[in-house]
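Engineer: Input: one structure, supplied below.
Derivation of every value follows stated rules applied to the coordinates shown; laboratory data play no part. Remember, it's a predicted structure, so these values are computed and weren't measured experimentally. In this analysis, Cβ positions are derived from the backbone assuming ideal geometry, glycine residues included, and neighbour counts consider all displayed protein chains.
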Amino acid sequence: SAAAAPLQQQQATTPRLGDVIEAQQFDRDALNEIFEVAREMEAVERGSHGAPSRVLEGYLMATLFYEPSTRTRLSFEAAMRRLGGEVLTTENAREFSSAAKGETLEDTIRTVEGYSDIIVLRHFESGAARRAADTANIPVINAGDGPGQHPTQALLDVYTIKREIGTLDGIKLGLVGDLANGRTVRSLAYLIAKYQNIKIYFVSPDVVKMKDDIKDYLNSQGVAWEESSDLLEVASKCDVIYQTRIQKERFGERIDLYEAARGKYIVDKKVLGVLPKHAVIMHPLPRLDEITVDVDSDPRAAYFRQAKNGLYIRMALLKLLLVGH
Amino acid sequence: SAAAAPLQQQQATTPRLGDVIEAQQFDRDALNEIFEVAREMEAVERGSHGAPSRVLEGYLMATLFYEPSTRTRLSFEAAMRRLGGEVLTTENAREFSSAAKGETLEDTIRTVEGYSDIIVLRHFESGAARRAADTANIPVINAGDGPGQHPTQALLDVYTIKREIGTLDGIKLGLVGDLANGRTVRSLAYLIAKYQNIKIYFVSPDVVKMKDDIKDYLNSQGVAWEESSDLLEVASKCDVIYQTRIQKERFGERIDLYEAARGKYIVDKKVLGVLPKHAVIMHPLPRLDEITVDVDSDPRAAYFRQAKNGLYIRMALLKLLLVGH
Amino acid sequence: SAAAAPLQQQQATTPRLGDVIEAQQFDRDALNEIFEVAREMEAVERGSHGAPSRVLEGYLMATLFYEPSTRTRLSFEAAMRRLGGEVLTTENAREFSSAAKGETLEDTIRTVEGYSDIIVLRHFESGAARRAADTANIPVINAGDGPGQHPTQALLDVYTIKREIGTLDGIKLGLVGDLANGRTVRSLAYLIAKYQNIKIYFVSPDVVKMKDDIKDYLNSQGVAWEESSDLLEVASKCDVIYQTRIQKERFGERIDLYEAARGKYIVDKKVLGVLPKHAVIMHPLPRLDEITVDVDSDPRAAYFRQAKNGLYIRMALLKLLLVGH
């Protein structure tokens, strides 16, 4: 935001993050700080019943969602509440009478910033979060802006790898499924490139292969990658298999292409059979049948722990943005 | 749920209810305990302004509603807040982006349980609450699952009889209106059968008579019942007249049948004229014209007190499920 | 409401407002009290982070919105939370399953008053707020009822003039834009007429001129007014220019008339050039292009401060209605 701190703010003892707009804005030090605070949040959450946190007491978060995303919204709202803060919700800001009447996002932001201390924005247009942050005098968090960015998802993905495997440097990562349309795998590739000795395997049907911009970026960062059509072989040598849903909505009327792509790479008991003992399966959810349900009970199935990590990452960001470390 | 207690829970001093799925799960002792706590909740609510309760401070309830039911939702949310707890709301989980994309209820539950301490589920499919409870590691309350169960309504109905009349054993109860389609009258018949010397009168248009399964059940439990077409005669000897709305939506295109059924048994001043002084009129609401508005001011009109009892019953259940008696 | 105070209320030391239904209900003394408390609320809000208010701790506000108005709803909910109170929300009460089934507003109110301490009602029918207040035993605030009243908007408008200019007596006020359809300019004219030596200029396209009922009312109150088609000349002698949006939805298929009306009176840099140094530009928002965005950075652009004043006015009303001054 134009000014990172609300005028009323007087408790901060260390500089705070300004806004959270895109995954690329974080360097390794910033990531380390976020992950360290996220880890502390596990204890804060565990203490909720006996000794609930008052860290964000008196703070008000506005969740301004121009398209529905209940999972993300509930995760942010739970994060705010676990820290003692309060929430103003709008699930359906697109019908915000003012937006429907032609009000600009900037005018809406100027109004809502008068009622709250931080804005969590979900929008259907790429770049909306940046515009909101440029307008607001309070912090803005991008909770997804159209085909653009969803930085808190990228952060929780990287945090999950660190939390599950214990390290990020040296990771072997298999990205599986819809690599052309998946916002999450693209952001994850950007973020993981900040670490050392990374190896990435792309495993995807031909119609949804990883695009050249990411491959070029990885090359420029010296990150090793290769494409493979053999999921079992990749699984046998990875630390992390990151499976994604084939996004039907991107295929339009070509249902035949969708059906062909969809069944091609399934994470099932056979994959578990070759996956190293220490490795994990991740997925951004929702999951259809690209991971079979009999995988869920394996301790290496990390996707629900990954969703839970979204809570800790968002708690950490809210704390860092509002009161600092 | 698989485990009744969240891992974080350390304050419980007595065993707690696991989940609330169906009216039949409660025996007389369980009902007595719930009703005793519900009665205590009246004082808790009265003290809200001077000395608000902190019994559920730090607890987070997720209201996951796959179909709208504002009355039930607000009642649960008020209950949580009157006990010092916090709420995550989704009014429209059916459009939960994940559900729309094909995510199973089980996967949604596994995500939401990571963000909250208890789930209140309203769903359009019979059996959904049981599936949710089998999946979740936190308590689940069924707030209505399609044509299935709505156990908190049944509990508040029985509690209202006890609270208004002073006893449940020996009650004479007239069930009036749509006995074929009314989920509430069916559940009430199941629950009241647990008490002694009950007599039930069924008063309904022919097209919506009480079904045989309930009649058989009452026979097996030794509960006396009879059918009558004379509302005035029934009203003159009952402790409780439980009126219900004829459910238009069940008649499809047979509007003629609906209109005939609708006007047949109306609770009005004439009914009040024969109703014993100590008796009460109940109704699960919403009410159309099956109780005339000139009845509202009579002290025996108990239906808005009944709605209020929904608050106390839900406060009691939340307390019992989360921290025990 | 039938009784202004909830039965549980025991802390009030001075008589409280009953309900807030229409702008005309307030005399100068009542307005002064509200504005005095609103001013105190600025300090309460500033203290939110270090020393959050507990004035309304344990109080529960139900926002019952039968049509969406996110700006107004968030403003009320922020007000309640800044005072330590809690909120029950329904964004879409029209689909309230009970309303959809034919339940009367009165029955809905009787239920919701059992769950809350104050009701904020937005409705699509003129007169709905009065009916709700006549039914409820707790306070009701009208947050807009169809073409009827929106009294908290009128209060914040008058408060903004007082706060910005320092006085209300002797004000010269230019009302610009859609004076025929604008609920806000009509209410503002009513309220400002309570003060001394007021002069009002009406500046509007012919198709949306101020109606005779308001002109007659001003005449009866001895308020001087005139119509003008020269915005620059009016701006050069006013303390307040109150611009409004031409309401497209009122023109039906006559898009040509709308387009002609819309471009006629724009507040831009030229208007700023003649506007006195101490004067201000106001607008109820949302704004389209009837104020150009290059005006926003001028200190005399008061419309976002005006929106913020909505928070303080609503905090003041909630405090006065629930616990008194």
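Engineer: Label-to-label distances across copies for C:ASP294, with labels 7 Å out along Cα→Cβ, in nm, shortest first?
Structural biologist: 7.1, 7.1
Engineer: Then there's this: Taking B:GLU106 in one copy and the same position in all the others, each labelled 7 Å out along Cα→Cβ, what are the pairwise distances from the first, in nm, shortest first?
Structural biologist: 5.1, 5.1
Engineer: How big is the shadow of the Cα convex hull of segment B:33-133, averaged over all directions, in nm²?
Structural biologist: 7.2
Engineer: Continuing with this model, one more query. Give, in whole angstrom and from largest to smallest, the semi-axes √(5λ) of the equivalent ellipsoid of chain C, with λ running over the eigenvalues of the Cα gyration tensor.
Structural biologist: Square roots of five times the eigenvalues give 34, 23, 18 Å.
Engineer: How fast does segment B:84-132 diffuse by Stokes-Einstein, in µm²/s, taking the Kirkwood radius from C-alpha pairs at 20 °C and 1.002 mPa s?
Structural biologist: The calculation lands on 183 µm²/s.
Engineer: Pairs of alpha-carbon atoms within less than 8 angstrom and 6+ residues apart define the contacts here; what relative contact order does segment B:111-202 have, in percent?
Structural biologist: Relative contact order comes out at 23 percent.
Engineer: Now for a separate question. Using alpha carbons only, how many degrees (0 to 90, rounded to 10) separate the axis of helix A:183-192 from the longest principal axis of chain A?
Structural biologist: That helix lies at roughly 90 degrees to the long axis.
Engineer: Continuing with this model, one more query. Could you name the aspartates and glutamates whose alpha carbon sits less than 16 Å from that of A:LYS194, not counting residues in the same chain fewer than 8 places away?
Structural biologist: Here the aspartates and glutamates satisfying the reach criterion relative to A:LYS194 are A:GLU22, A:ASP27, A:ASP29, A:GLU33, A:ASP157, A:ASP169, A:ASP216.
Engineer: Using just the alpha carbons, could you tell me how many Å³ per residue the convex hull of segment B:244-325 encloses?
Structural biologist: Here the figure is 114 Å³ per residue.
Engineer: Another question, if that's okay. I need the calculated FRET efficiency for the pair A:ASP134 and A:HIS278, taking r as the beta carbon distance and R₀ as 41 Å, to the nearest 0.05.
Structural biologist: The value I calculate is 0.40.
Engineer: How big is the shadow of the Cα convex hull of the protein assembly as shown, averaged over all directions, in nm²?
Structural biologist: So the mean shadow area of the Cα hull is 42.5 nm².
Engineer: If you don't mind, another one. Before anything else, pin down the relative contact order of chain C: Cα pairs under 8 Å, at least 6 apart, normalised by residue count, whole percent.
Structural biologist: That works out to 22 percent.
Engineer: What is the dipole size for chain C, taken about its Cα centre, with +1 at each Lys and Arg Cβ and -1 at each Asp and Glu Cβ, in debye to the nearest 20?
Structural biologist: 600
Engineer: Within a 10 angstrom radius of each residue's Cβ in B:300-312, how many Cβ atoms of other chains show up on average? Whole number is fine.
Structural biologist: Mean inter-chain Cβ contacts per residue within 10 Å come to 2.
Engineer: I'd like the FRET efficiency for A:GLN24 and B:SER229, computed as 1/(1 + (r/R0)^6) with the beta carbon distance as r and R0 of 60 Å, rounded to 0.05.
Structural biologist: 0.20
Engineer: Once the principal axes of the Cα atoms of segment C:95-190 are found, what is the range along each, listed largest first in whole angstroms?
Structural biologist: The Cα atoms of segment C:95-190 stretch 50, 28, 19 Å along their principal axes.
Engineer: Normalized C-alpha radius of gyration of segment B:207-250, against 2.2 N^0.38 Å?
Structural biologist: 1.36
Engineer: Which entries of B:LYS162/B:LYS277; C:LYS215/C:LYS237; C:LYS215/C:LYS269; B:LYS237/B:LYS269 have Cα-Cα distances beyond 24 Å here?
Structural biologist: Going by Cα-Cα distance, C:LYS215/C:LYS269 fall outside the 24 Å limit.
Engineer: Please list 3J(HN,Hα) in residue order for segment C:262-272, calculated via the Karplus relation 6.51 cos²θ - 1.76 cosθ + 1.60 where θ = phi - 60°; whole Hz, with x for glycine and proline.
Structural biologist: 5, x, 6, 10, 10, 8, 9, 4, 5, 5, 4
Engineer: Distances from A:GLU259 to the same residue in each other copy, label points 7 Å out along Cα→Cβ, in nm, shortest first?
Structural biologist: So the label point of A:GLU259 gives 4.9, 4.9 nm to the other copies.
Engineer: Largest first and in whole Å, what are the equivalent-ellipsoid semi-axes of segment A:166-233 based on the Cα gyration tensor, each being the root of 5 times an eigenvalue?
Structural biologist: Computed over segment A:166-233, the values are 18, 14, 11 Å.
Engineer: A further question follows. Within segment A:230-325, which GluC sites (Glu not before Pro) sit in a loop by DSSP and count at most 11 neighbouring Cβ atoms inside 10 Å?
Structural biologist: For GluC sites (Glu not before Pro) across segment A:230-325 that sit outside H, G, I, E and B with at most 11 neighbouring Cβ atoms in 10 Å, the list reads A:GLU253.
Engineer: Turning to a different aspect of this structure: Report ³J(HN,Hα) in whole Hz for each residue of segment B:68-83, in order, from the Karplus equation J = 6.51 cos²θ - 1.76 cosθ + 1.60 where θ = phi - 60°; Gly and Pro get x.
Structural biologist: Each residue of segment B:68-83 in turn: x, 7, 5, 4, 5, 5, 4, 5, 5, 5, 5, 4, 4, 5, 5, 9 Hz.
Engineer: Do me a favour and compute the ellipsoid semi-axes for segment A:148-273 from its Cα gyration tensor, root of five times each eigenvalue, largest one first, whole Å.
Structural biologist: Result for segment A:148-273: semi-axes of 23, 17, 14 Å.
Engineer: As an exercise, use a Förster radius of 41 Å and the Cβ-Cβ distance of B:LYS211 and A:ALA43 to find the FRET efficiency, rounded to the nearest 0.05.
Structural biologist: 0.15
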